[in-house]
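Report on the following structure.
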Amino acid sequence: MAAELGIPGRSVHRRSVRWRFTALYAGLFLASAVTMLAVVGLVAGGTYRAAPAPSNQPGTFSSAAQARIGSLEHQLAQAHSRQVDQLLLGSAAGLVVMGLLSVATGWYAAGRVLRPLRAMTVATRRISADSLHERLAVPGPHDELRDLGETIDALLDRLEQAFAAQRRFVADASHELRTPLATMRAAADVALAKPGPVQEQTRTLARRVRTELDQLDRLLDGFLALARAQHGVPLLDTEMVSLDGLAAAALAERAATASAKRLVVEADRAGSGSGAWVCGSRTLLRRMVDNLIDNAIGHNQPGGWIRVATSAGGTDARLVVENGGPVLTKNQVAQLARPFRRLGAERTGGGIGAGSGLGLAIVAAVADAHGGTLVLQARAEGGLKATVTLFRASEAEAVA
């Protein structure tokens, strides 16, 4: 599965099960053949026994006849030895040929046996957190391989239910908490707007409560956006969206905040005619762009800089947001796209999900929901470079 269920690729130098099965099959065959060859050699070598020489007594053969018999026996022994040697040589040649055939046969047989396992491996690698509804559905008789496939399918069932329950809980909890939050916010507003003299301590407390309620409200909005982006269902409000337009709107809305921190903003926008158009949910894509720029503003130093660029090439549309700031390590950057991971209290951008550790997690989830990717890179001079790559919409779709 995709990050959650991913399976590592096979090592090049690792001995595969198919090779081990082939070696086992060929080894057993060769051991049996060598044993059989040894038995044949022993039997063939012991079948001939020379007859004892006749004694030189009256009535026996003459000397000439005895010499002739001895010569014939010697010739017979030589012929028998040559036959045994030829038999052993032919058996050895047959053993070599059959050894090669046993390796080829073992390789083929092992492949046939392991073919269902390879199919299960490919199917399991294809399944990710957004496609847990898929199943292996191993065909064939009820054997060990089918039992393994059904066990994996049962595991996927439990994983799908767990993921669905988690997403439902986040969405339901976020919705249910809005009502008491609205009530508490209204109570704080009433306390501040109450006619007549109000103690300064009460005003300070009410302002602090209102600030915390606003932060909690942004956190709930981040939960909703994250749950929606990770839901794995087709987006309902799909339309053509210009990354350049979203970036320009986000920078315009945050001009005052950037000016307050004395940030130099550089915009390298591709323009509406460049093809930096994508097809997706405008709401989620806008949230993605807002969070990227909010992160660049919040995780920056006074008097720093921000660079925003959009481009299109081939089948990809890209949005790159860079900012200055402290030097980050690779381990720190690897944690940024995970929920509730913050590098410090200075990350307090004003966007939804910012300051709560959900900002870049939402960006990664939205990009993944649109079939794209988020790549975070630490700049050697300090700061962060975030690159979002999405599928580029065709020119005909953009014009339409």
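The values are calculated or read from the model by the stated rules, or taken from the named source; none is laboratory data. Since the model is a prediction, treat every value here as computed from it, not as a measurement. We place every Cβ from the backbone using ideal geometry, glycine too, and count neighbours over all the protein chains shown.
Restricted to region 307-320, and to residues there that are surrounded by fewer than 23 Cβ atoms within 10 Å (Cβ to Cβ) and β-branched (Val, Ile, Thr), the residue that is nearest to Leu251 (Cα to Cα) is Val320.
Within region 260-284, the set of residues being closer than 25 Å to Asn300 by Cα, hydrophobic (A, V, I, L, M, F, W, C) and at pLDDT 65 or above comprises Ala260, Leu263, Val264, Val265, Ala267, Leu284. Which residue is farthest from Ala33 (Cα to Cα), if the candidates are limited to region 127-155 and must be exposed (fewer than 13 other Cβ atoms within 10 Å of the Cβ) and under 22 Å from the mean Cα position of the chain (by Cα)? Per the criteria, the residue is His133.
What residue, among those in region 172-203 that are over 22 Å from Arg218 (Cα atoms) and of a type in the set (S, T, N, Q), is farthest from the chain's Cα centre (by Cα)? By that ranking, first place goes to Gln199.
Note down all Cβ pairs under 8 Å where the first residue falls in region 187-201 and is β-branched (Val, Ile, Thr), the second is surrounded by 10 or more Cβ atoms within 10 Å (Cβ to Cβ) and modelled with pLDDT of 75 or more, and they're at least six residues apart or on different chains. From region 187-201, the pairs are Val198/Ala191; Val198/Leu192.
Filtering Gln86, Gln166, Gln78 for residues that are assigned by TED's automatic domain parsing to the domain that holds Phe29 and farther than 30 Å from Gly27 by Cα leaves a single hit, Gln78. Looking only at region 104-136, residues that are of a type in the set (Gly, Ala, Ser), in contact with a helix residue (DSSP H, G or I) (Cβ under 7 Å, 6 or more places away or on another chain) and under 23 Å from Ala162 (Cβ atoms) come to 1 in all.
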